[in-house]
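Q: Below is one structure. I have some questions about it.
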């Protein structure tokens, strides 16, 4: 008889003021809120900033899950896990800094958990949970450091808590709030300077700090450039429902905006129509309304949240405003903020110019000073300091020639010249006067532009370009100045700065951006075309060489966009645009080579959608049918709610726990899902099925070849007492042990696996050991007195697989390491290590996860001992009870198509079910197709443990399945 499941659905208490359903909260976004991340998306890699200024980018596939208000982001915790990168910008204002975020914590994982952080060099501030979860910290690197430590109780596991902290620059204090209540205040300050590396869900980005991502869900993250009051925090807790237009595109203050730009914005939450004001006068756009449109009300009561004002003028600043109009009967109008942007200039300065000359240059005043901007301020005014300029004399009586080379061919517009400008230049006359200007496309064939007189500099610090030379749209890569005379007769010649401007002739600003990855396979190319282009030759291929050599020509297109249609998943594509105008010279301007990559997989199942509502058919075991219905030894999910796993997850909000028991008939365990309609797993060139599997570490498994697998938990082997699993024999007198540590899973950077000699099995016993760690190399560690502190000697930069060796000679212990098991290197402290032990001791293998709640798995091979070593391997948990874990068994997948044809593929790693870290299991779809299964008509997927074809008694345990997808991996063999 099938057992019933207990549906323990959680009651959620709403802790804030309830409003009548007919009432709408309308609170303007407050002053000083410089970033507001509602995190309400359902997919994608962008965390939208409601202010429109600082959109964030997800660094990996974080899960969009139900949040405190709308959606939220699920972080999986751990060093190296995905987080949200907000870019580099100044968060703190002149009066201080404020942070607010809703937090649903999933508990400690033995690592630091960052919430919001910012760093530049050695300067930083961050909010975090400490490794033991005993402290919630608001910290900055000042001297002395600004630290506010909020001890438990603080965050409550699996419950929403509002967390805010504030820095008051004038008072030099910091304050921490929980659920709107001030909980802690004290001295706190920020280091001075510019910051970068602003992140949400991550501590300071520095592996030396050992900080990781948050473990849980974050929502409604806000950053203020001022301190927060209790009233501010209360408002932040309730969110800001803004009736005004926001998130302008182009962003407020944007420069170099295309002349054919289409304006867009995020509508106010209650708006049904929009009044658009647009013009070139800030005051007019700000003051106009329906009654007095002032010539700038360009669209009244429109439906769309877009407006096309093009074509616009070059290099001009435009102002615009959107008033949001409520529905009748009120028809209330909410005036918007005045935004601005500046269109692209007619011509751009050429970057990366190199300069050479045949003149003898004065020391410290090289010709590079004429193109490196030295001496120029933000207003393009040049200094009067000689070392900021070039100065030279002719060599061997030859006229001075100065040659400028660009990084490519340009259509030249103008040359701006700042002549030599020392204070006494009007008297000295070192500046150039008469010059001949030539240009060339290849540096061989030259064309003379003409003879020009350059204006003499005034010798003042307000000197702007004195001469502007029209370069007549010449197509050139080289420009040459031949000096025929100067403004004086002293035989020295100088120049302050030269700037070349060009009219864009090549394609630029590609969309997708060059190097962009993870794109959906339906891609539309876009670019900003050359000004004179009549058509665009598009080259496109997944072969870089074919684009580079011009053989991958798609054709000539009239618009600066092209819809590629459906591309393959997991593929890097290359493209370039050659701009064409037969009336131009040259007729074709070759473009740069760009690339982008499509995403690798389309998710079939991420297990995030399942709830604990059995009546609604939403429980995980109601879709993934297990042994309670199919008669195998499996159980999908937990017996009590929540049924899905919400902490041990790969990238989504939940994973599927799958318990297997093959110790009883039918000797195998399966979970199966039926798709209706059948699934086509071949679209977009897909050829691979992928699923992510995580096992549970075993206790101790000894292989027929003498290898040993050991699973263990434990806070550490360190300090005055230890927590670990010890697999040992007895040693009498002198002896040694050597082993190859093949692997150790990264439960923590200081997880340890290695060889040990120990006096007793007590937690505080004297011992010596040589261990390999996941992140901290090889370490010789010891406790020389019972119950005393431990000591260590480390060899960093090493990782498994690695050999370790420990030798006892009397009371002297020597540690060695080896890359190959033949050549040994001493891990030597300052003096030989002396540890007084009894004659009879324990010798063996030690493993700790450095995490009391997460197991590690260590693999050993080529284990050997010397001396009087007796007995079979025994094992014991030292200082902490050790889990039994899984017993290994074969993992397999079966696919069945709509015609009933099936095929099975088994995992090639016999230890997949006992490996306690997420493993990506890729299966080529041809393994099913070659067996006759139509992989474009998949109806049923089965995940099993055991041997369904030849059932026999096997193992038992618990594994986790997550993120099943099909596609094409980028790193294809």
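No value in this document is a laboratory result; all are computed from the given coordinates. Keep in mind that this is a model prediction, so the values were computed, not measured. So basically every Cβ, Gly included, is an ideal-geometry build from the backbone, and we count neighbours across all protein chains shown.
Q: As an exercise, use a Förster radius of 41 Å and the Cβ-Cβ distance of residue 272 and residue 159 to find the FRET efficiency, rounded to the nearest 0.05.
A: 0.60
Q: Would you mind getting the Kirkwood hydrodynamic radius of segment 672-746 from its Cα pairs, rounded to one decimal in Å?
A: It is 18.0 Å.
Q: Taking R0 as 41 Å, what's the FRET efficiency between residue 448 and residue 292 from their Cβ-Cβ distance, rounded to 0.05?
A: Taking R0 as 41 Å, the efficiency between residue 448 and residue 292 is 0.10.
Q: Can you divide the C-alpha Rg of segment 33-238 by 2.2 N^0.38 Å and report the result to two decimal places?
A: Dividing the Cα radius of gyration by 2.2 N^0.38 Å gives 0.91.
Q: What does the convex hull of the Cα atoms come to per residue for segment 328-431, in Å³?
A: Per-residue hull volume (Cα only) is 182 Å³.
Q: Only one of the values (1) -0.63, -1.05, -1.33; (2) -0.68, -0.95, -1.20; (3) -0.45, -0.80, -1.24 was calculated from this structure for log10 I(q)/I(0) by the Debye sum over Cα atoms at q = 0.06, 0.08, 0.10 Å⁻¹; name its label.
A: Entry (1).
Q: Once you treat every alpha carbon in segment 788-915 as an equal point and sum by Debye, what is log10 I(q)/I(0) at q = 0.12, 0.16, 0.21 Å⁻¹?
A: Normalising to I(0) and taking log10 leaves -0.71, -1.13, -1.53.
Q: For segment 813-865, restrict the atom set to alpha-carbon positions and state the Rg and Dmax in Å.
A: 14.8, 37
Q: Determine Rg/Rh for segment 645-700; Rg is computed over alpha-carbon atoms and Rh is the Kirkwood hydrodynamic estimate from the same atoms.
A: 1.05
Q: Moving to a separate point now. At a 10 Å Cβ-Cβ cut-off, how would you order 580, 479, fewest neighbours first?
A: 580, 479
Q: Now, a different point. Working from the pairwise distances between different alpha carbons, so that the mean of 1/r is found and then inverted, what is segment 246-343's Kirkwood radius in Å?
A: Taking the inverse mean of 1/r over all distinct Cα pairs, segment 246-343 comes out at 13.4 Å.
Q: Further question: Which value in nm describes the separation of the simple spin-label points at residue 664 and residue 828, placed 7 Å from the Cα toward the beta carbon?
A: Rounded to a tenth, the inter-label distance reads 6.2 nm.
Q: Shifting gears a bit: Which order do peptides 303-310, 484-491 fall in by mean Cβ count within 10 Å, highest first?
A: The packing order, highest mean first, is 484-491, 303-310.
Q: In cubic angstrom, how much convex hull volume per residue do the alpha carbon atoms of segment 632-773 span?
A: 232
Q: Something else: If we count other beta carbons within 10 Å of each Cβ, what is the order of 632, 773, 342, fewest first?
A: Going from least to most buried by this count: 342, 773, 632.
Q: Compute the Kirkwood hydrodynamic radius of segment 508-599, taking the inverse of the mean of 1/r over all pairs of distinct Cα atoms, and give it in Å to one decimal.
A: Value: 13.2 Å, from the Cα pair sum.
Q: Quick one: divide the alpha-carbon radius of gyration of segment 359-417 by 2.2 N^0.38 Å and tell me what you get.
A: 1.31
Q: Starting from the Cα-Cα distance between residue 705 and residue 259, subtract it from 0.36 nm times their residue separation and give me the gain in nm to one decimal.
A: The span from residue 705 to residue 259 would gain 153.3 nm if fully extended.
Q: Normalise the Cα radius of gyration of segment 700-878 by 2.2 N^0.38 Å (N = residues in it) and let me know the number.
A: In units of the 2.2 N^0.38 Å rule of thumb, it is 0.90.
Q: Run the numbers for residue 875 and residue 378: contour at 0.36 nm per residue of separation, minus the present Cα-Cα distance, in nm.
A: My answer for the length gained is 171.7 nm.
Q: Set the Förster radius R0 to 56 Å, insert the Cβ-Cβ distance between residue 41 and residue 868 as r into 1/(1 + (r/R0)^6), and round the FRET efficiency to 0.05.
A: 0.25
Q: Okay, moving on. For segment 873-936, what ratio Rg/Rh do Cα atoms give with a Kirkwood hydrodynamic radius?
A: 1.22
Q: Spin-label point model (7 Å from Cα, Cβ direction): what's the residue 179 to residue 300 distance in nm?
A: 5.2
Q: May I ask you to compute the full-extension gain from residue 424 to residue 89, defined as 0.36 nm times their residue separation minus their alpha-carbon distance, rounded to one decimal in nm?
A: Length gained between residue 424 and residue 89: 116.3 nm.
Q: In deg cm²/dmol, rounded to 500, what helix-only [θ] at 222 nm does the chain give when every DSSP H run of at least 4 residues adds -39500 (n - 2.57) and the total is split over its residues?
A: Per the formula, -500 deg cm²/dmol.
Q: What distance in nm separates the simple spin-label points at residue 732 and residue 31, each placed 7 Å from Cα in the Cβ direction?
A: Spacing of the two 7 Å Cα→Cβ label points: 8.6 nm.
Q: Sorted by average packing, counted as other Cβ atoms within 10 angstrom per residue and highest first, what order do 951-958, 503-510, 227-234 take?
A: 503-510, 227-234, 951-958
Q: Sticking with this one: Using per-residue counts of other Cβ atoms within 10 Å, averaged over each peptide, order 328-334, 214-220 from highest down.
A: Final packing ranking: 214-220, 328-334.
Q: So what's the Cα pair-distance distribution over segment 392-489, bin width 5 Å, in %?
A: Spelled out per bin, shortest first, that is 3, 13, 21, 22, 18, 13, 7, 3.
Q: Taking other Cβ within 10 Å of each residue's Cβ, how do 592, 168, 275 sort, fewest first?
A: Fewest to most other Cβ atoms nearby, the residues stand as 592, 168, 275.
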